[in-house]
Amino acid sequence: MAAERAALFAGFRALGRYSSHVPHVLRYHGRHREFYVATAVGRSVHTYNVKKLGIVAVSNALLQDITCLAADRMLIFASYGDVFHAIARNKEVVHTYEGHKARIHLLQPFGDHVISVDVANVLIVWDIQSEEEYLQVVFDKATFAVSAILHPSTYLNKILLGSEQGGLQLWNIRSNKLLYSFPGWGLGVTTLAQAPAVDVIAVGLVSGHIIIHNIKFDETLMKFQQDWGPITAISFRTDGHPVMAAGSPVGHIALWDLEEKKLLSQMRNAHSTAVAGMSFVPGEPLLITNGADNAIRVWIFDGPGGTGRVLRSRMGHSAPPTKIRYHGQNGEQILSAEIAHQNDWDGIVACHQGYITCTTWNYQKTSMGAHKLRPEEFSKNKPIDIYATAVDITTCGNFAVIGMSTGQVDVYNMQSGIHRGRYGRERAHEGSIRGVAVDGLNQLTITAGSDGLIKFWKFKAKDLVHSTDLPSSPSGILLHRDSGILGIAFDDFSISVLDIETWKIVRKFSGHQGRINDMTFSPDGRWLITSSMDCTIKTWDLPSGCLIDCFLLDSAAVSLTMSPTGDFLASAHVDDLGIYLWSNRSLYSLVSLRPLPADYEPSVITLPGTCPLQDVDVAEDEDKCDEMVEYESPEQLGEQLVTLSLLPESRWKNLLSLDIIKKKNKPREPPKVPKSAPFFIPTVPGLIPRYAAPEQENDTQSKVVNIGVLAQKSDFYVHLEEALSTNEYTAPLNLLKDLGPSNIEIELRSLAPEGGGSLEVMLSFLRMIGMMLNKKYNFELAQAYLALFLKLHLKIISSEPSLLEEISSLSTQLEETWIHLRSLFNQSLCVLTYMKSALL
């Protein structure tokens, strides 16, 4: 069974990737009046503004990693393999150029055309809009292997090519003619750059020489030499200072004074790897550099001596990260640390591969701490084969526990760096320590050794409490402090879960085909997520003990960490500088967590980019997944179960108290309508003016009730009559469920003969209640309706044998139903009490 995509986790974005070995390109936006720098990062192009070096756009991901980059005023050209694309608006691929048979390594925009050169020494000129070949030139690789390309300023329709043999050639592209061949200097050309002066270019050679040459007269003007290896990049200042900058493979930059023809200054260790690209911003004292150390830097030249200082930078890891952890509780920082007392002293401790000394770090200061933690006996001499293998910090942030390859486990104070004790007389285990952990209350210290033992120690007294034999040698442990669950990874690629309260293994998982690199728990402790060298990431559900998610990647994840808020899973991978985030889809969409079948075969999922992949329709993908079917609950799960209605309590709970409610709500005196006074007050005719007495109104109303109104039959009454013959009571029950409490009372009163009803209809109502009790649904409504019916018609029922017989059968039925319901209650309460008290 093959999977199309991961069900639980979806790729969100990549973090910490800014640059690669591909040289950047500098562009000017005329309408914005601002410079932008574009870099190749994996399969995407990142565009930053030079003003703040903030990212402004990320292109749609291409099919493979970008190996070459170029740009003109409107488009960015990016190549991989034997294909290159034109990207518009820093985002969309608008043109694709296919025709090369080998990998493209040079690109040069040329007006309405673009020139590409592959490693097979084939040069093709393309029409940008039509994507058609305009010209193709094949060079002999033995005599002229093209290694650099440049369009000299003011040279219309002409390009200059450099070769690995050292020669240069000037070509007219329109006429397809070789105009001139420069003999060169006998050394391979690595880069060509246009000088501010017309006809003058800079040529970088593999020997470290830089030649300033006039191509109009074929005359060398200046010659410089660097001792750092081949020249990787050249750029000229254009803000009035005659300075040239040259990059090197070791990360140094040399600044040359072109007037005095001497070295002006050196910028050592500008990058930790080769300087891939270098560009002076036109008219400004700013130099932009990038390298394979995953860094972009903007240097400003505003100080004495002509050297530059870093003005702005964007950089990530220069080497692949091996361990990542979330820092804090908001899920926004990824680090390995504890946050307690981080403002007072160092809150991070790290052990380094092959070193005995552990270092402390300060998160607030983003710097290395003052203490170096190592055993006292090795404070003077440095052992060869002894090194730290595991480390943990207590929840309070006061202590660090460090395990060694010799089996020693030491405790250090984080504030003072003082050694505070050791577990065991000489060492805690006979073999190397594979993992250490401290519980949330600083009561227990847990150690795992290569001798196949898990040991539990009193944290303060350092006494051994318990030792558990493991079926295999553990490779690592992880403790979920809130739940007291310990995850154990073994050398045989299996995983076990141990309860630190009972010291027993409660779950066992197998399925990985390679060494387990890392584990992480979900915040609630329900999931254990593991990564392995088999390039899979698997999610195990601890309550059910089943595998619920698995996805396969191109490269193995060396470290995993789950956000404290549960929204993201972060991963770091083999030989990869970035950190990748995977969103937890169960928080925002319907995800099936059913166990995966035994023959489940995950397909390869690509790592997420800095932005979502192009043309990914999540809704359409969900429709294809047969597991993403929303469950619709039936009205009744089973006939043996008692089912309640979905009506609110106000519709049935107070049916027996309606008379009390009406009495409370009844006004003490009826409202009186004020009598309207006449506009002219009438008077009695006579000699003495007197007002006329008001006429007495007759307020007496007839108390004779219109029997014809009561004689009208309601829909509920009619359906009950029909049910006597059909024995179908669904329709009258639905009508009754739609009524309010007062209307229900009226309907039940009208069933009696004095209310216009009949004994047959009363019998039909009791049979409806019997049907509800038989099918065990709307259980609370049956109780409420029957109670109100008995209250209203108890005298009539006691005098009619047919009704008494039906009531007695209902009583027996009610008693049986309640006995069954009580047994279900008792069973559920028993299981719940056991789950709350037992240690599972």
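Computed quantities for the displayed model
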item: Within the chain, longest stretch clear of exposed chymotrypsin sites (Phe, Trp or Tyr not before Pro) (DSSP loop, no more than 10 other Cβ within 10 Å); result: 218-587
item: Cα extents of region 83-161 along the three principal axes, largest first (Å); result: 39, 32, 20
item: More than 15 angstrom apart: percent of Cα pairs within region 482-552; result: 48
item: DSSP-loop GluC sites (Glu not before Pro) across region 127-164, with at most 12 other Cβ within 10 angstrom; result: GLU132
item: Distance in nm between pseudo-label sites at GLU601 and ILE300 (7 Å out along the Cβ direction from Cα); result: 6.0
item: On Cα atoms only, tilt of 801-837 relative to the major axis of the chain in degrees; result: 30
item: If the convex hull is drawn through the Cα atoms of region 521-592, its volume per residue in Å³; result: 91
item: Model label zone, ASN172; criterion: amide N under 13 Å from point 7 Å along Cα-to-beta-carbon; scope region 125-142; result: none
item: Interatomic Cα distance distribution for the chain, bins of 10 angstrom, percent; result: 2, 9, 14, 13, 12, 12, 10, 8, 6, 5, 4, 2, 1, 0, 0
item: Normalised per residue, the volume of the convex hull around the Cα set of region 736-819 (Å³); result: 87
item: Region 743-840, relative contact order [Cα under 8 Å, separation at least 6], %; result: 24
item: Carbon plus sulfur fraction of accessible area for the chain, probe 1.4 Å, in percent; result: 53
item: Contour excess over end-to-end distance, with Cα ends at LYS365 and LEU759 and 0.36 nm allotted per residue; result: 133.0 nm
item: Solvent-accessible area per residue for region 369-419 (1.4 angstrom probe, square angstrom); result: 45
item: Using a Förster distance of 60 Å, the FRET efficiency for THR238-SER589 (Cβ separation, nearest 0.05); result: 0.65
item: FRET E, pair LEU790, LEU644, Förster distance 22 Å, beta-carbon r, rounded to 0.05; result: 0.55
item: Theoretical gain in end-to-end length, ASP218 to LEU658 [0.36 nm per residue, Cα-Cα removed]; result: 147.3 nm
item: Volume per residue that the Cα convex hull of region 355-498 spans, once the total is divided by residue count, Å³; result: 121
item: Accessible area in square angstrom per residue, region 266-331, 1.4 angstrom probe; result: 42
item: Angle in degrees between helix 779-799 and the longest Cα principal axis of the chain, rounded to the nearest 10; result: 0
item: Per DSSP, loop trypsin sites (Lys or Arg not before Pro) in region 343-381 with at most 15 further Cβ within 10 Å; result: LYS365, LYS380
item: Fraction of alpha-carbon pairs over 19 Å apart in region 142-236 - percent; result: 34
item: Label-to-label distance, nm, for residues given as ARG515 and LYS372 (7 Å Cα→Cβ offset); result: 2.8
item: Inter-label distance, nm, simple model (7 Å from Cα along the C-beta direction), GLU98/VAL673; result: 8.9
item: Length gained when the stretch LYS508-ASP227 is fully extended (0.36 nm per residue, less Cα-Cα span); result: 95.2 nm
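The values are calculated or read from the model by the stated rules, or taken from the named source; none is laboratory data. Remember, it's a predicted structure, so these values are computed and weren't measured experimentally. Every residue, glycine as well, gets a Cβ built from its backbone with ideal geometry; the counts of neighbours run over all protein chains shown. To get the accessible areas, we keep the full protein, side chains included, count just its heavy atoms, and leave off ligands, DNA and RNA. Shrake-Rupley method; radii C 1.70, N 1.55, O 1.52, S 1.80 Å.
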